[in-house]
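**Q** Quick one: this structure, given as structure tokens, is what I'll be asking you about.
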Amino acid sequence: MTILEVRDLQVWFDLPGGGEVHAVQRLNFALEAGQRLGLVGESGCGKSTAVLALMGLLPPTASVAGHVLLDGTDILAGGEETMRSHRWSDMAMVFQGTMSALNPVQTVGAQIIEPLRVHGLSAGPKARARGLELLDMVGLPGALAARYPHELSGGQRQRVCLAMALACRPRLLFADEPTTALDVMVQAQILQLLIDLTSQEGLALVLVTHDLAVVSQFCERIAIMYAGEIVENGPAEDLVDRPRHPYTRRLFAATLDLYGDESPQSIHGTPPRLDQPLSGCPFRPRCDRAFDPCQGERPALAVVGDRHVAACHRNRDTDSDAAAASSSGHRADDLRSAHPAQSSTPIVQPDANGHSCGSD
Ligand SMILES: Nc1ncnc2c1ncn2[C@@H]1O[C@H](COP(=O)(O)OP(=O)(O)OP(=O)(O)O)[C@@H](O)[C@H]1O
Ligand SMILES: [Mg+2]
């Protein structure tokens, strides 16, 4: 069952001195109940902006266009009132940068149960009991409920934010770098909690992270973002073994190889500025496989494999692309062995826009 469908999402920010940043450009993907999607890409490619837009939490300087369908209803078209009625109850978010996400003058216990109060789901002793249950779920002692955010470590604050996001038992969770401040043992515990919630309770999850080992192991699908757009989206195993966009290959090649003897190869150059119009393929200046067509139209997502789409003109040139793909998935086994989690949830079939087109 499709919970979320994002069609042609676009976000622009007005800049104070004039001009605008086109932070998210024609973003397309779909998410099923119980599915875990990893959203990956270099800093500034629009990951946080995209999930904040889906939650309706961007500042007033942002303009948003496109369609965000929650259970088939376009909540973006419904405006702030519709968004608010679903926010925290049906869809929730763990923000990147936990200090700014928490109120410094309110105890963490009060903040965790705030969504329950706002949505009229519970109050008083019942809400406080739920608050303690949530702290326990994220591996924190109940005594922390009486503390203020500055009295907690970064990792503890990150777990408080996760507890807060889970308070109303949402069906959809956007987690923006939820484990970056956690040591590996706590990270494994939190990832296991998220696996349990997705596989047992049908929570649909979008995990934003820079950690390719985590997404390779933990997510059923991976979507790679570049310059505001998803440029590849496929089943995790297939995408790691046979990346079909040159940027994805370079991203994996740039990853530290803990067990092998290959040193990481950084991607030369920088991503394009999003405050200027883009022409052709935005990855072209950094791509070792660029050819003439890349200067023309920006490539659209096209089917490159089973439930796998990528936006690269080279994919029309199937033979040479297959050779490049098979020679670049060399870190796949290392990445998968780096984390213990493994998926069991069925994966759906996306069409050329990354939408689901076959599901249970
Ligand atoms: N409030 C804002 N006003 C203007 N530009 C913004 C604003 N927020 C983000 N941007 C710009 O939008 C683009 C995307 O930013 P975003 O924070 O979504 O990137 P990201 O992929 O989450 O990066 P990171 O991995 O560093 O968190 C960047 O160019 C950023 O400078
Ligand atoms: Mg971000």
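**Q** For the ranges 306-315, 160-169, 146-155, 201-210, what's the packing order if you count other beta-carbon atoms within 10 Å of each residue, average per peptide, and put the highest first?
**A** So the peptides 306-315, 160-169, 146-155, 201-210, ranked by packing, come out 160-169, 306-315, 201-210, 146-155.
**Q** Report the calculated FRET efficiency for Gln276 and Ala146 (r = Cβ-Cβ distance, R0 = 45 Å), to the nearest 0.05.
**A** Computed FRET efficiency for Gln276 and Ala146 comes out at 0.35.
**Q** Calculated FRET efficiency, Asp136 and Asp8, Cβ-Cβ r, R0 51 Å, to nearest 0.05?
**A** With a Förster radius of 51 Å, E is 0.80.
**Q** Using the scaling law 2.2 N^0.38 Å as the reference, what is the normalised Cα Rg of the chain?
**A** Cα Rg divided by the expected 2.2 N^0.38 Å: 0.99.
**Q** Sort 96-102, 31-37 by the packing proxy (mean of other Cβ within 10 Å over each peptide's residues), most packed first.
**A** For the peptides 96-102, 31-37, the packing ranking is 31-37, 96-102.
**Q** Taking R0 as 22 Å, what FRET efficiency do you get between Ala188 and His210 from their Cβ-Cβ distance, rounded to the nearest 0.05?
**A** With a Förster radius of 22 Å, E is 0.80.
**Q** Hey, what D do you get for the range 43-149 in µm²/s if you plug the Kirkwood alpha-carbon radius into Stokes-Einstein at 10 °C and 1.306 mPa s?
**A** 101
**Q** Ok, one more. May I ask for the Rg/Rh ratio of the range 97-254, computed from Cα atoms with Rh as the Kirkwood radius, given to two decimals?
**A** Computed over Cα atoms, the ratio is 1.03.
**Q** Does the range 88-147 come out rounded, prolate or oblate by the C-alpha gyration tensor, with a ≥ b ≥ c the root eigenvalues, rounded set by a/c under 1.5 and, if not, prolate when a/b is larger than b/c and oblate if not?
**A** Verdict is rounded for the range 88-147.
**Q** Hey, how many Å between the Cα centroid of the range 93-160 and the Cα centroid of the range 1-69?
**A** 27
**Q** Separate question: Of the peptides 185-198, 46-59, how do they stack up when ordered by the mean number of other Cβ atoms within 10 Å, highest first?
**A** By packing density, highest mean first, the sequence is 46-59, 185-198.
**Q** Sequence gap at least 6, Cα distance under 8 Å: using those rules, report the relative contact order of the chain to the nearest whole percent.
**A** Relative CO of the chain lands at 21 percent.
Rule-based calculations on the coordinates, nothing more; no lab input. Treat the numbers as computed from the prediction; the structure is a model and nothing was measured. No Cβ is skipped: glycine too gets one built from the backbone with ideal geometry, and neighbour counts run over all protein chains shown.
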